[in-house]
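The values are calculated or read from the model by the stated rules, or taken from the named source; none is laboratory data. Computed from a predicted structure; not experimentally measured. As a convention, Cβ positions derive from the backbone with ideal geometry for all residues, glycine included, and neighbour counts pool all protein chains shown. Accessible surface areas use protein heavy atoms only, side chains included; no ligands, DNA or RNA. Shrake-Rupley method; radii C 1.70, N 1.55, O 1.52, S 1.80 Å.
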Amino acid sequence: MNSPLPAGVLAGKTVLVTGSSRGIGADTVRLFAEAGANVVINYRSKAPRAQKLLTELEAAGTEGLAIGADLTDPDSVAAMMDAVRARFGSLDVLVLNASGGMEANMGEDYALRLNRDAQLNVLDAALPLLGTGSRVVFVTSHQAHFIRTVPTMPEYEPVALSKRAGEDALRERIPHLEAAGIGFTVVSGDMIEGTITATLLERANPGAIDARKQDAGRLYNVAEFAAEVAQAAVDPVPADNTRLVGDTSSFTAAGE
């Protein structure tokens, strides 16, 4: 995977990516490691995958941790941050990548608990570790970012609404973050081919991904979108705190 980040640009920095044992999160971690960062791989239940990724990166000289944490459990999140503090002392980049809500048997309010409440709790738990010049990146989708003005597939609507609620709640923290010298960027992308969400959507609504691909012209793959997320952690914060990835014409026509 070709890194968009200059070699060594994150040397000595520590990065935590939530939900990073696979998919976009794992590829983002790889890019941070290639740029010289210490990496913290967070997972909910995929311990073998997380450990395999950590072993791969350590073999290339990266310092890292793989930490299991249920982000909807404040005690679990606090223990993760304690482990980061004990190992690295501080945190320079926090990527809020983990999301969900289409899984079966997780409870009716799971999407909101994970995509809004847990995002705020992870940020609050990380704040004592984040100093001046650090960065927080929240990963979302166009289907969620523009949900107030553009309807999405019924199967995805509860997730989209909960992710937009999480984005709104995080944006309310921007003045506080800026006062502390912490940058905040939302990275919004279209449906990403090869992700769990796309797979679940396709299962619930066969043909949905191909239809979206035809509308957009093309869809980013996991590696391409991970590169955008990684870049957002080092680029200047956009004036509107938003990095839009891929085609947005069908979303912006109605206005944000």
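Considering only alpha-carbon pairs that sit under 8 angstrom and 6 or more positions apart, the relative contact order computed for the chain is 19 percent. Taking 0.36 nm per residue of separation and subtracting the current Cα-Cα distance, fully stretching the chain between T149 and V9 would add 46.6 nm.
With the alpha-carbon atoms of the stretch 58-128 aligned to their principal axes, the span from lowest to highest coordinate is 42, 28, 18 Å, starting with the largest.
Helix-only arithmetic for the chain: the sum of -39500 (n - 2.57) across DSSP H runs with n ≥ 4, divided by the residue total, places the mean residue ellipticity at 222 nm at -12000 deg cm²/dmol. Over the chain, the alpha carbon radius of gyration divided by the compact-protein estimate 2.2 N^0.38 Å works out to 0.95.
When the Kirkwood radius is taken over all Cα pairs of the stretch 106-148, what Stokes-Einstein diffusion coefficient follows at 20 °C and 1.002 mPa s, in µm²/s? Before the final figure, lay out the partial values.
Numbers: Rh = 12.3 Å.
Taking Rh from Cα pairs, D becomes 174 µm²/s.
For the chain, with only Lys/Arg (+1) and Asp/Glu (-1) charged at the beta-carbon, what is the dipole magnitude about the Cα centre, in debye rounded to 20? Mind showing how you got there, number by number?
Values: 22 positive and 32 negative charges, 69 e Å.
For the chain, the charge dipole is close to 340 debye.
Projecting the Cα atoms of A47, V245, L114 onto the charge dipole of the chain, computed from C-beta unit charges around the Cα centre, puts A47 farthest toward the positive end. Comparing R164, R113, R218 in a Gaussian network model of the chain (Cα springs below 10 Å), the most mobile by mean-square fluctuation is R218. For the chain, the tally of Lys pairs with Cα-Cα distances below 27 Å comes to 4, considering only residues 8 or more apart or on different chains.
Computed over the stretch 117-186, the P(r) curve from all C-alpha pair distances, binned at 10 Å from the origin, holds 20, 47, 24, 9, 0 percent per bin. Here the stretch 13-138 has an Rg and Dmax of 13.7, 43 Å, counting Cα atoms alone.
Pop the C-beta distance of E108 and D240 into the FRET formula with R0 = 51 Å and round what comes out to the nearest 0.05. Mind showing how you got there, number by number?
Working: r = 33 Å, r/R0 = 0.65.
So, using R0 = 51 Å, E works out to roughly 0.95.
Report the charge-dipole magnitude of the stretch 60-195 in Debye, nearest 20, computed about the Cα centre from +1 at each Lys and Arg Cβ and -1 at each Asp and Glu Cβ.
On the way: 10 positive and 19 negative charges, 83 e Å.
About 400 debye.
Among A79, A230, A179, the residue with the largest mean-square fluctuation in a Gaussian network model of the chain, with springs joining Cα atoms closer than 10 Å, is A179. Using a probe of 1.4 Å, the accessible surface attributed to E155 totals some 60 Å² when neighbouring protein chains are kept in position.
Per atom type, the chain shows carbon and sulfur on 49% of its accessible surface, probed at 1.4 Å. Backbone geometry of the stretch 132-140 corresponds, through the Karplus equation with coefficients 6.51, -1.76 and 1.60 at θ = phi - 60°, to 3J(HN,Hα) couplings of 4, x, 7, 9, 10, 10, 10, 9, 9 Hz, x marking Gly and Pro. Between I174 and D124, the FRET efficiency estimated from the beta carbon spacing at R0 = 25 angstrom works out to 0.95. The angle separating the long axis of helix 157-171 from the principal Cα axis of greatest extent in the chain is about 50 degrees. Modelled spin-label separation between D70 and D210, with each label point placed 7 Å from Cα along the Cα-to-Cβ direction: 4.0 nm. For the pair R87 and E58, label points projected 7 Å from Cα toward Cβ lie 0.9 nm apart.
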